[in-house]
Amino acid sequence: MTAKNVPYKEGFGPFAPEVYRVPSPYPFRWPSGADNAAEEALAALTDTVLTQIGAHNVAAIVAEPIQGEGGFIVPPAGYLKAVQEFATAHGIVFVADEIQTGLGRTGAMFACEHEDVVPDLITTAKALAGGMPLAAVTGRAELMDAVAPGGLGGTYAGNPVACAAALGALETIERDNLVERAQQIEARVIPRLEALLGHDSPVGDVRGRGAMLALEFVKPGTTDPAPEVAKSVAAYCHREGVLTLVCGTFGNVIRLLPPLVISMDLLDEAVSVLEAAISTIRASSEVA
């Protein structure tokens, strides 16, 4: 279902047909401005469903509450709720993909909570078992019970070791107040990242929630993507012992996913390396 070709789809086709994609509101890059992103994105969704497909032909609307691989894009307030209400009004199942955002990462147990959204189905993985192979689909009973017993399953379903890891992860999240910890990480890091913004800075946007944060790199004074800068910053950080990941449609976003159990001293040290990387690369660009 992903819309990103390289490295996820290239050479792997053909793919399942009848998967439709609509633009998710991307405030930093929305053509008519951030203030119009939610309204116009919702209009595009409703037009696609009602005009091009037919609501009765739509099995589900699947959305990430915050886009992950797409660049850690936080939708404008109210957008996700409006999508859920539209789906409900037309008898369409609304699925929240919380594989990256779930289990405390964004400063709420699930990112949907920030928008007061209760999905029909929710997918979880990654943090669910602390890295052990386990994923889950949770949903309203009438949907989950619609399949006959044994109708859904898999080779690794109910793996006892992975399930034990998940119980341990959930216990740790609750015991150590890691949801609140994600909020503290955001409060600690965001001001330092926002200080990197500026008309002559390669950092065009800072965004995220909780411990799911990102910087988007551009050519200074524009919104033109600068993937080469993102790659250079990530390489600098790597050389200094700090691992960052590059993502985004244009490969120009660096995402920060510090462990929720990280010490504040270590977090500060990592952000300092990131700041030094940007400062060094920015200085070299000015000299060039």
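Things to note:
- Ala157 vs. criteria of a type in the set (Gly, Ala, Ser), at pLDDT below 95 and surrounded by fewer than 21 Cβ atoms within 10 Å (Cβ to Cβ): yes
- Count of region 197-213 residues which are small (Gly, Ala, Ser) and crowded, with 23+ Cβ neighbours inside 10 Å: 4
- Failed criterion for Val62 (all others in (1) exposed (fewer than 15 other Cβ atoms within 10 Å of the Cβ); (2) in contact with a strand residue (DSSP E or B) (Cβ under 7 Å, 6 or more places away or on another chain) hold): (1)
- Residue within region 238-256 that is in contact with a helix residue (DSSP H, G or I) (Cβ under 8 Å, 6 or more places away or on another chain), among the hydroxyl-bearing types (Ser, Thr, Tyr) and surrounded by 17 or more Cβ atoms within 10 Å (Cβ to Cβ) present: yes
- Residues in region 220-233 that are surrounded by fewer than 19 Cβ atoms within 10 Å (Cβ to Cβ) and over 15 Å from Gly204 (Cβ atoms): Lys231 alone.
- Among residues of region 91-118 being among the small types (Gly, Ala, Ser) and out of contact with any Ser or Thr (no Cβ under 8 Å at 6 or more places or on another chain), the one that is surrounded by the most Cβ atoms within 10 Å (Cβ to Cβ) is Gly104.
- Close pairs from region 1-15: first modelled with pLDDT under 85, partner part of a loop (DSSP other than H, G, I, E, B) and polar (S, T, N, Q), Cβ under 9 Å, at least 6 apart: Ala3/Thr249; Lys4/Thr249
- Residues that are assigned to a loop (DSSP other than H, G, I, E, B) and in contact with an Asp or Glu (Cβ under 8 Å, 6 or more places away or on another chain), drawn from region 106-122: Gly107, Phe110
- Checklist (1) more than 20 Å from Thr106 (Cβ to Cβ); (2) under 23 Å from the mean Cα position of the chain (by Cα); (3) in a helix (DSSP H, G or I); (4) not basic (Lys, Arg) applied to Val271, failing item: (1)
- Among (1) outside any strand (DSSP E or B); (2) farther than 14 Å from Arg105 by Cα; (3) at pLDDT 95 or above; (4) in the same structural domain as Glu228 (by TED's automatic domain parsing) - the single one Asp200 does not satisfy: (3)
- Every residue from region 220-245 that is farther than 18 Å from Val273 by Cβ and not in a loop (DSSP other than H, G, I, E, B): Pro225, Pro227, Glu228
- Taken over region 41-85, the criterion of being in contact with a His (Cβ under 9 Å, 6 or more places away or on another chain), closer than 20 Å to Arg209 by Cβ, among the small types (Gly, Ala, Ser) and part of a helix (DSSP H, G or I) is satisfied by no residue.
- Considering the conditions (1) surrounded by 13 or more Cβ atoms within 10 Å (Cβ to Cβ); (2) at pLDDT 95 or above; (3) part of a helix (DSSP H, G or I), Phe217 is excluded by exactly one of them, (3).
- All positions within region 198-227 that are free of Cβ contacts under 8 Å to residues at least 24 places away in the same chain and of a type outside the set (Ser, Thr, Tyr): Gly198, His199, Asp200, Val206, Lys219, Pro220, Gly221, Asp224
- Counting the residues of region 207-249 that are under 21 Å from Gly102 (Cα atoms) and out of contact with any Cys (no Cβ under 8 Å at 6 or more places or on another chain) gives 12.
- Condition met for Leu167 (in a helix (DSSP H, G or I) and touching a residue at least 40 places away in the same chain (Cβ under 8 Å)): no
- Checking every residue in region 149-157 against the condition of being within 24 Å of Met212 (Cα to Cα) and of a type in the set (Phe, Trp, Tyr) gives zero matches.
The values are calculated or read from the model by the stated rules, or taken from the named source; none is laboratory data. Everything numeric here is computed off the predicted structure, so don't read it as measured data. Every residue, glycine among them, receives a Cβ derived from its backbone with ideal geometry; neighbour counts consider all protein chains shown.
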